[in-house]
Every structure is written in structure tokens, then in C-alpha cells.
Amino acid sequence: MLVLTLLNQKIDALRTPTVATVWPKAGQINGAEYSTVLPTETLRQENGETFVYIAEESTSWRYETTARRVRVTVLEQNESWTAVSGLSGDAPVVQYATRALNADGGPVRLWEGTA
């Protein structure tokens, strides 16, 4: 039984996306100051909505971190950076994921050295 439990945990870990994150920051785009600026590659679009995934502490005993979808409004953008509203700035934003993320707050593992 112990072997099956360990095997199940290993398979579960392989299915869990690993994510690299960045922290929102204040910055300047096209000469204007904004309180929340992110790398443009962190933004996703679906059905006309723009959103990001934030990595936050999980409420589950099985996983330390989950990724949750948060809708944002684009204020200004250039080729590398985007100013947004709708984020509180208290959680890192997913910049890259090894697998597709669950919109409802699925488990993730943080890439070593991020967040």
C-alpha cells in the first residue's frame, strides 16, 4: 500500500504544472507612470477578457501553491510591458507554465528561484 501511495504522489507531481512568476511593480510606459506594470507575456485573453494567473498559498493540505485567474484591464502597453488595473499586487503573477493552468485555481509548483 505504501508503494502505491508513493507512486500516486509521484504521478500527481508530474501532472502538476511548474510555473515561473514575477511580481507586479510600478513603472513607466510611454512616458506615463502606472502603479501596476507587468511583462506583456503574462497576459492571457479568452472570450474578449484579459486576465493573468496569480500564484497564491493553497488552502489544500496536498499542495502549497495554486494558480488563480484574475481579470485585469489594460491601461497602456508597449512591446515588452503592460500597465493594468485589477490586481492588488500582493501575489506573484505567472509568467510561464509548463502545462495549461486550471481557470478555477488548480495546484502548481513554483519554479526554483521565483516568488
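All of the numbers you see were taken from the coordinates with simple rules; none came from a lab. Note that this is a predicted model, so its numbers are computed, not measured. In this analysis, Cβ positions are derived from the backbone assuming ideal geometry, glycine residues included, and neighbour counts consider all displayed protein chains.
Within 10 Å of each candidate Cβ there may be at most 14 other Cβ atoms; applying that plus a DSSP loop requirement, which chymotrypsin sites (Phe, Trp or Tyr not before Pro) in segment 13-115 survive?
Here the sparse-neighbourhood loop sites are 61.
Please work out the FRET efficiency for the pair residue 103 and residue 75, using the Cβ-Cβ distance as r and a Förster radius of 35 Å; give the result to the nearest 0.05.
Efficiency for this residue pair is about 0.90.
Go from 0 up to the bin containing the longest alpha carbon distance in segment 23-115, width 10 Å each, and give me the % of pairs per bin.
It works out to 16, 49, 29, 6, 0, in whole percents.
I need the trypsin sites (Lys or Arg not before Pro) found in segment 31-114, filtered to DSSP loop residues with at most 14 other beta carbons within 10 Å of theirs.
Filter output for segment 31-114: 62, 99.
Could you give the length gained by full extension between residue 59 and residue 32, i.e. 0.36 nm per residue of separation minus their alpha carbon distance, to one decimal place?
Residue separation times 0.36 nm, minus the Cα-Cα distance, leaves 5.9 nm.
Looking at segment 54-113, which GluC sites (Glu not before Pro) are in a loop (DSSP not H, G, I, E or B) and have at most 10 other Cβ atoms within 10 Å?
Here the sparse-neighbourhood loop sites are 79, 112.
Which whole-number percent is the relative contact order of segment 19-115 (Cα, under 8 Å, 6+ apart)?
Value for segment 19-115: 38 percent.
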